[in-house]
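J.: I have a structure I would like to understand better, so I am pasting it below and will then ask my questions one at a time.
The values are calculated or read from the model by the stated rules, or taken from the named source; none is laboratory data. These numbers were taken from a predicted model, which means no experiment stands behind them. Cβ placement follows ideal geometry from the backbone for every residue including glycine, while neighbour counts extend to all protein chains displayed.
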Amino acid sequence: MISLFIFVGCDFSNQNKVINITIIEIGAETRAKVSVGVNVKQALEFAGITLNPLDKTEPSGTTILSENTTIRIIRVREEFLVEESILPFEQQTVKNESLPEGQSILIQAGTNGTLQTIYRILSEDGVESSRSFVNSEVTQPAKPEIVMLGVQSPYTSQSIPGVIAYITSSNAWVMDGSSGNRRPVVSTGDLDGRIFSISPDREWLLFSRSSTIENEINTLWVVNLKEQTPEPIYTNIKNVVHYADWVPGKTRTISYSTVEPVLTPPGWQANNDLHLFRYDEKGKALETKTIVETNSGGIYGWWGTIFEWSVDGSKIAYSRPDSIGLVDIEKGLLNPIIKLATFQTSSDWAWVPSIKWSEDGQALYTILLPESPGSSQNPALSVIIFPEKIAVDLIANCGLFCNPTPSMGVSNGRFIVGFLSAILPDQSETSRYNLKIMDRDGSNQKKLYPGEGIQGLTPQSLRWSPSFQSDFLLAFIAQGNLLLVDTISGSIKTLTGDGSISKIDWK
């Protein structure tokens with residue numbers, strides 16, 4: 001026990017009045033005499049005792065002392081505890097109609113991830129008094145276990161020209177020559193469907209994968225379809241949201257446009273740029289080239305620009321919310337042909353008209369809004385004729401997502417155009433669509449799908465058969481399944497039945 005005699009105070013009348021205090025700190029006692037009128041904090045300071053910022057006293061430090069008092073010091077310690085816990089992997093089942101019913105194959109072994117959690121712990125005199133959550137972070141993402149499960153297919157095998165690739169349950173599959181000859185080519189379970197395209201020579205598949213890395217929306221990959229056990233190859237290109245595709249007439253060459261991730265909706269700021277990337281047979285980069293530098297992109301340019309090469313690769317068109325035009329490849333400029341009345345979405349997305357070239361490069365099919373900003377915003381299926389660059393409306397009020405797609409030429413420059421037609425034209429943002437075809441000039445329209453009592457289609461890109469010598473087939477997705485329609489007879493065949501297809505391509 002330690003005794004101190006301390007006299008403090010400003011009131012002259014109380015100068016000779018002292019009181020006894022007892023200071024208790026983790027079992028140890030200190031005795032002192034102080035003048036009447038000081039507070040607890042002053043008394044401890046005069047006693048040579050220092051309090052840390054989190055320490056507490058009983059009574060509190062501002063209490064004025066007027067009589068003999070016992071003061072208890074409670075030492076408070078702060079520390080942060082970092083705990084790592086296991087993040088269990090998910091189990092995903094991919095249905096496969098080419099496997100016997102009930103048979104399963106492990107495509108990808110699951111791996112647990114790691115979750116790091118930080119807690120703030122306060123201890124009073126060595127005893128924990130509180131524990132509060134600070135934050136948590138996934139330091140190692142879990143890798144899902146993917147099991148392929150055989151299901152009995154009720155559909156007979158269908159002969160198909162060329163190769164059909166499709167995304168099912170976020171994995172890539174191909175059908176080669178027949179719907180019965182199908183196999184997986186990418187089984188990572190993370191294809192986001194933004195980019196998905198077979199090369200013109202049918203040797204490679206270009207696709208994008210979602211990313212869990214900060215400031216990275218997705219990544220761009222290629223895989224060789226000729227290999228029996230293909231391994232995806234990373235191009236080292238990332239954040240490709242709106243456009244990436246093969247350059248016609250150039251081997252293993254793609255063009256693409258990028259965005260910059262941001263925290264505000266929609267999650268990116270478009271660069272509206274255009275680049276070329278060429279690689280060798282092993283996937284190694286051989287050449288990179290910028291055609292169009294980063295630019296504002298005009299009205300609603302934050303959303304982005306899409307591009308479309310003509311079939312012969314001689315020119316490339318662009319489409320953005322405020323215009324459609326051609327890219328000057330030599331100068332890197334966007335030369336508008338049509339100025340668009342921008343569609344008012346009143347939300348965090350912008351409408352960009354789809355564009356598709358005819359095989360001969362003389363017609364660019366698209367969707368145009370009325371030029372007058374004050375008019376009703378009912379889009380028309382239209383065509384821009386070259387070399388005159390004249391726009392002609394073919395079908396009024398077809399819907400925002402009618403996506404006209406010309407077929408390969410039949411003969412003498414003839415071709416058919418497949419398109420979607422909004423069932424509720426005045427609500428085409430949310431409407432389902434009918435599948436139709438027409439002649440190149442908009443005549444001879446014919447509805448192919450759906451039949452009576454069947455639900456319409458969601459907006460999508462249509463895919464024509466690559467060969468028009470013997471078949472006039474059009475591929476589309478209905479209720480998550482891949483369907484082929486014979487555009488001459490109108491007969492429809494369902495090629496898959498698992499209801500999980502989200503994207504297709506056909507070359």
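J.: Take the stretch 56-93 and flag every residue that is of a type in the set (Asp, Glu), over 30 Å from Gly27 (Cβ atoms) and not in a strand (DSSP E or B).
T.: Across the stretch 56-93, the qualifying residue is only Glu90.
J.: Mind counting the residues in the stretch 405-457 that are under 24 Å from Ser346 (Cβ atoms) and acidic (Asp, Glu)?
T.: Selection size over the stretch 405-457: 2.
J.: What do you reckon, is Asn52 over 30 Å from Met175 (Cα atoms) and either modelled with pLDDT of 90 or more or of a type outside the set (Val, Ile, Thr) (or both)? Walk me through it before giving the result.
T.: Details: over 30 Å from Met175 (Cα atoms): yes; either modelled with pLDDT of 90 or more or of a type outside the set (Val, Ile, Thr) (or both): yes.
Yes, satisfied.
J.: Among (1) touching a residue at least 60 places away in the same chain (Cβ under 8 Å); (2) out of contact with any Pro (no Cβ under 6 Å at 6 or more places or on another chain), where does Leu326 come up short?
T.: So the condition that Leu326 fails would be (1).
J.: Applying the selection to the stretch 17-41, what residues are under 25 Å from Gly126 (Cα atoms) and either touching a Lys or Arg at 6+ places or on another chain (Cβ under 9 Å) or not in a loop (DSSP other than H, G, I, E, B) (or both)? Before the answer, list the steps.
T.: Kept after step one, since they are under 25 Å from Gly126 (Cα atoms), are these residues of the stretch 17-41: 21-31, 40-41.
Of everything in the stretch 17-41, those that are under 25 Å from Gly126 (Cα atoms) and either touching a Lys or Arg at 6+ places or on another chain (Cβ under 9 Å) or not in a loop (DSSP other than H, G, I, E, B) (or both) turn out to be Ile21, Thr22, Ile23, Ile24, Glu25, Ile26, Ala28, Glu29, Thr30, Arg31, Val40, Lys41.
J.: Looking at the stretch 104-137 only, could you name the residues that are on the phi < 0 side of the Ramachandran plot and touching a residue at least 60 places away in the same chain (Cβ under 8 Å)?
T.: Those that are on the phi < 0 side of the Ramachandran plot and touching a residue at least 60 places away in the same chain (Cβ under 8 Å): Ile107, Gln108, Leu122, Glu124.
J.: Tell me, please, whether a residue that is over 12 Å from the mean Cα position of the chain (by Cα), of a type in the set (D, E, K, R) and closer than 26 Å to Glu90 by Cα can be found in the stretch 202-216.
T.: yes
J.: Shifting gears a bit: Of the residues Ile167, Ile237, which single one is of a type in the set (Val, Ile, Thr) and over 19 Å from Lys284 (Cα atoms)?
T.: Ile167
J.: Considering the stretch 112-128 alone, what residues qualify as being assigned to a strand (DSSP E or B) and surrounded by 13 or more Cβ atoms within 10 Å (Cβ to Cβ)?
T.: Gly113, Thr114, Leu115, Gln116, Thr117, Ile118, Tyr119, Arg120, Ile121, Leu122, Ser123, Glu124
J.: Next question. Going through the stretch 237-266 one residue at a time, which ones are on the phi > 0 side of the Ramachandran plot and modelled with pLDDT under 95?
T.: Gly249
J.: Just for strands (runs of 3 or more DSSP E) wholly inside the stretch 394-507: which have at least 1 residues that are buried (at least 21 other Cβ atoms within 10 Å of the Cβ) and of a type in the set (Phe, Trp, Tyr)?
T.: Ranges flagged: 416-422, 433-439, 473-478, 501-506.
J.: OK, next. Could you list all residues from the stretch 236-250 that are among the aliphatic types (A, V, I, L, M) and closer than 21 Å to Trp357 by Cα?
T.: Once the filter is applied, which keeps residues that are among the aliphatic types (A, V, I, L, M) and closer than 21 Å to Trp357 by Cα, the stretch 236-250 yields Ala244, Val247.
J.: If the Cβ limit is 7 Å and pairs must be 6+ apart or interchain, which residue in the stretch 485-507 that is without any contact (Cβ under 8 Å) to a residue 60 or more places away in the chain pairs with which residue that is of a type outside the set (Lys, Arg) and in a loop (DSSP other than H, G, I, E, B)?
T.: As it stands, the answer is Asp486/Phe472; Ile488/Phe472; Gly499/Gln479; Gly499/Gly480, since those pairs meet every condition given.
J.: Residue by residue through the stretch 225-269, note down the ones that are among the polar types (S, T, N, Q) and surrounded by 16 or more Cβ atoms within 10 Å (Cβ to Cβ).
T.: Hits for the stretch 225-269 are Thr235, Asn239, Thr253, Ser255, Ser257, Thr258, Gln269.
J.: Right, something else. Can you find even one residue in the stretch 383-393 that is assigned to a loop (DSSP other than H, G, I, E, B) and either within 21 Å of Pro459 (Cα to Cα) or small (Gly, Ala, Ser) (or both)?
T.: No, because not a single residue in the stretch 383-393 is assigned to a loop (DSSP other than H, G, I, E, B) and either within 21 Å of Pro459 (Cα to Cα) or small (Gly, Ala, Ser) (or both).
J.: Then there is this: Could you check Phe343 against (1) without any contact (Cβ under 8 Å) to a residue 60 or more places away in the chain; (2) in contact with a strand residue (DSSP E or B) (Cβ under 9 Å, 6 or more places away or on another chain) and say which number it fails?
T.: The failed condition is (2).
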